[in-house]
Amino acid sequence: MLVGSLGAGGKGYFVLNVTQPGSKDGTVTSDFTTAKAASAVVLDRTLHPSAPLTAGSDDEDIGHIFAPPVMDDVNPFRTTQVALMNDNRWAVVMGNGYNSKNERPVLLIQYLDGNKALKKIVATGAQVVSSPVNAVTDTNVLANGLSAPKLLDFNSDGKVDVAYAGDLKGNLWKFDLTSKTASDWKVAEFGGSSKPLFVATYVDGKRQPISAPPIVKANDRGVGGVMVAFGTGVNVTDAHRISTEVQSMYSVHDNTKYKQAADGTLVVNTVTSDNGVVPVAVSGRTNLVKQEMETSATGIAGGGVNADQRFWKMSDNAVNYDKTKGTVNQGWYFDFQVSSERVLKPMSFFDGSNNLMVWSVTPAYGGNATGAESCEPAGTAEKAYLTLLNIMDGKRPSVQVMDTNGDGIYNKASDGLTSRMTIDPGASSATTGKKTISIKGAGNNKNKELARMPEQPMRPSWRQLQ
């Protein structure tokens, strides 16, 4: 199955059967012909911008879907969004995109088998549209939409248990998909009610939009649960492109624990005597530790083969998850200090470690000077950055992986403990070599080389089986 969307060109999505493309030698007949075009269409939920919508129909919740596929953390050729659900049916799971008629965030679960029904989970918390509309209190249900989700299979049975996704109002939603009955799927509860796990808000009170999918890893600091990391920012409208509102990088702790029920499904474990815990939402920045750039916003000039780059040293502030060691934190955050910088692309893990590869940009935009030639605007070019941060605590990598002075040697003393650098615009792919990881350059530009993480030796052990 091939699932696609129209992006800015239209609302909705489509599903095609691409099982039999044929072979080069002609021994296998291709289904990709004009005569068979109609039979290749499994489902078409695309909408023309001027198409009338039936009141109360599913189409009212389907908007412009821009997100690229969310790929598996281990297998970069496999998307996680086409998945087997706990009701034993295959589906593609998506955010509903932006500018839908209802303007609210909705998780779309489009079945690919049987009657190909569409299951929707509305993510607005307790909010509904006021009558008349109140732009102040109707925060989640006006000019909103859900971005691409990250799907998780906690018990390794090959079925999706949980989805995390952000929306344009800065809400990080968690969806509980553990039940075998689809009608029981819902926005996850924290403190007894369905609400966001976290709401991204800058110190000035402004919500920070989330347009890229989160990335998740089990918390390895002895308290269980998972760390959910995401960056903020959006670039859909002209106003977005020139916005200088501060965007941020967050990693928050979802402390929820699960146990397996008699029917094999997962249920939330709140029994403290059974190592359970009551799930708690992360309330604002108060319990998060701030990480920041220790060098100036302009950074350090690179040397040698990296003379065309700028580098930054990141802070190393401690984050505590153990209540026996003092005040407990619920994660960390980092405010981008370059004007207009934001996260628009999916993150990945660096060389199998806990270190996030955060791809961020300051978008390009055209000039609007009075009297300027319309075909030659004095615009601003896109700038791109790569920042490495540990998903657990936001600290820089424990080893030097960036070659600040360009001498081919990765050394903390001479390279200044840097873990953030400029990269070519459009670069967001990494190729792993024997000793280095290459960040692809744009056009004919040279690749940027990062040192690989040291190998972790396995401790030999044995036990006697009776």
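FYI, it's all coordinate maths here, none of it is from the lab. What you are looking at is a predicted structure, and each value in this text was computed from that prediction instead of being measured. Cβ placement follows ideal geometry from the backbone for every residue including glycine, while neighbour counts extend to all protein chains displayed.
Across segment 183-198, computed HN-Hα scalar couplings (Karplus, 6.51 cos²θ - 1.76 cosθ + 1.60, θ = phi - 60°) run 5, 8, 5, 6, 5, 4, 9, 10, x, x, 9, 6, 7, x, 5, 7 Hz from first to last residue, x flagging Gly and Pro. Each of Asp393, Asp220 was scored by other Cβ atoms within 10 Å of its Cβ. Arranged with the fewest first, they read Asp220, Asp393. Proximity of backbone amide H atoms, modeled 1.01 Å from N, is registered between Gly166 and Ser147, Trp173 at under 5 Å, excluding neighbours fewer than 5 places apart on the same chain.
Among the chymotrypsin sites (Phe, Trp or Tyr not before Pro) in segment 12-111, those placed in a DSSP loop whose Cβ has at most 14 other Cβ atoms within 10 Å are Phe32, Phe77. Taking other C-beta atoms within 10 angstrom as a stand-in for reagent exposure, Val252, Val203, Val226 fall in the order Val203, Val226, Val252, fewest first. Measuring gaps between exposed loop sites in the chain (GluC sites (Glu not before Pro); DSSP loop; at most 11 other Cβ atoms within 10 Å), the longest gap, sites not included, is 1-372.
How many angstrom lie between the Cα centre of segment 298-350 and the Cα centre of segment 137-195? Segment 298-350 and segment 137-195 have Cα centres separated by 27 Å.
Given just the C-alpha atoms of segment 69-225, how large is their convex hull per residue in cubic angstrom?
146 Å³
Taking every alpha-carbon pair in segment 1-147 and binning the separations at 5 Å intervals from zero gives 2, 9, 15, 18, 18, 15, 10, 6, 3, 2, 1, 1, 0, 0 percent.
In this simple spin-label approximation, Thr286 and Ser57 carry label points 7 Å from Cα along the Cα→Cβ vector, and these lie 4.7 nm apart. Could you compute the net charge surrounding Asp176? Neighbours are other residues with a C-beta less than 11 Å from the C-beta of Asp176; K and R count +1, D and E count -1. Taking every other residue near Asp176 into account, the sum is -1.
Once R0 is set to 41 Å, what does the formula 1/(1 + (r/R0)^6) return for the Cβ-Cβ distance between Ala37 and Phe349, expressed as a FRET efficiency to the nearest 0.05?
The calculated FRET efficiency here is 0.55.
Fewest-first ordering of Tyr250, Tyr321 by other beta carbons within 10 Å of each residue's beta carbon gives Tyr321, Tyr250. Could you name the aspartates and glutamates whose alpha carbon sits less than 20 Å from that of Lys325, not counting residues in the same chain fewer than 8 places away? Within the straight-line cut-off, Lys325 pairs with Asp220, Asp254, Asp316, Asp393. Structure note, pairs Lys169/Lys345; Lys345/Lys448; Lys159/Lys383; Lys101/Lys174; Lys217/Lys440: Cα-Cα distances above 29 angstrom occur for Lys159/Lys383. Answer with a single label: of (1) 23, 46, 26, 5, 0; (2) 22, 54, 23, 1, 0; (3) 23, 41, 28, 9, 0, which was calculated as P(r) over Cα pairs in 20 Å bins from 0, in percent from the structure in view? It is the one labelled (2).
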